[in-house]
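Here's the structure we're looking at; comments come further down.
The values are calculated or read from the model by the stated rules, or taken from the named source; none is laboratory data. Predicted, not measured: the structure shown is a model, and the values here were computed from it. Every residue, glycine as well, gets a Cβ built from its backbone with ideal geometry; the counts of neighbours run over all protein chains shown. SASA here: full protein model, heavy atoms, side chains in, ligands and nucleic acids out. Shrake-Rupley method; radii C 1.70, N 1.55, O 1.52, S 1.80 Å.
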Amino acid sequence: MTWSRMSFLSAVLAVGLFAAAPAHAQARTTAPGVYDVSIVYIPGLSVPGGLPDCAQQFDRQTYVGKLTIAQAAPGAEYRVSFVGENQDDASLNLRVSAIFSNTWNGFALGALGGRDDALVSIDAAAIKSARVTGRVMGQNGSPGHLGASFGPGGVVERCHFTGRGSKG
């Protein structure tokens, strides 16, 4: 699967948002609409290109929600968002918003972390900008607040994980 720094949101969009594509991954999707997806984060899973430093503080977790794809007109840029809740604790949530160029080749779902609707691939090379926010679980078993932003090509511009969950 094609993973990028954006995948931590994927595995966190992509957040997530993170290894080789499952053989049974679904076809890539770019069609505007609302899709039921899960973002699965598994610590220690190798991600080509790596993850932002703050993602190393997260515990394993899954966010179940809706991925929305919008395109104002054929040939226009894509606007993609995800809103989801942690499958084990509804007080934890994740929000992702991203703008992709009109050359974006979409996302794919597959099996990961016990879910069949996991976001396993997203074309991060076409990112123009993205933002990830949420209340997520830290490795110490406490929640913390995530704030990350990405620039063109999925380059991490900022990644902060604060609160009790960020304490070692």
Problem - Complete set of residues in the stretch 66-114 that are surrounded by fewer than 18 Cβ atoms within 10 Å (Cβ to Cβ), within 16 Å of the chain's Cα centre (by Cα) and not polar (S, T, N, Q) - result: Lys66, Arg79, Val83, Glu85, Ile99, Gly106, Ala111, Gly113
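Output the residues belonging to the stretch 132-155 that are in contact with a Leu (Cβ under 9 Å, 6 or more places away or on another chain) and within 21 Å of Arg60 (Cα to Cα). Spell out the reasoning first.
So in the stretch 132-155, the residues in contact with a Leu (Cβ under 9 Å, 6 or more places away or on another chain) come out as 132-137, 143, 146, 148, 150.
Matches in the stretch 132-155: Val132, Thr133, Gly134, Arg135, Val136, Met137, Pro143, Leu146, Ala148.
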Handout entry: Test for Ile127: is it of a type in the set (A, V, I, L, M) and surrounded by 19 or more Cβ atoms within 10 Å (Cβ to Cβ)
Key = yes
Problem - Subset tally (residues that are part of a strand (DSSP E or B), open to solvent by 30 Å² or more (accessible area, probe 1.4 Å) and under 23 Å from Val64 (Cβ atoms)) for the stretch 132-158 - result: 4
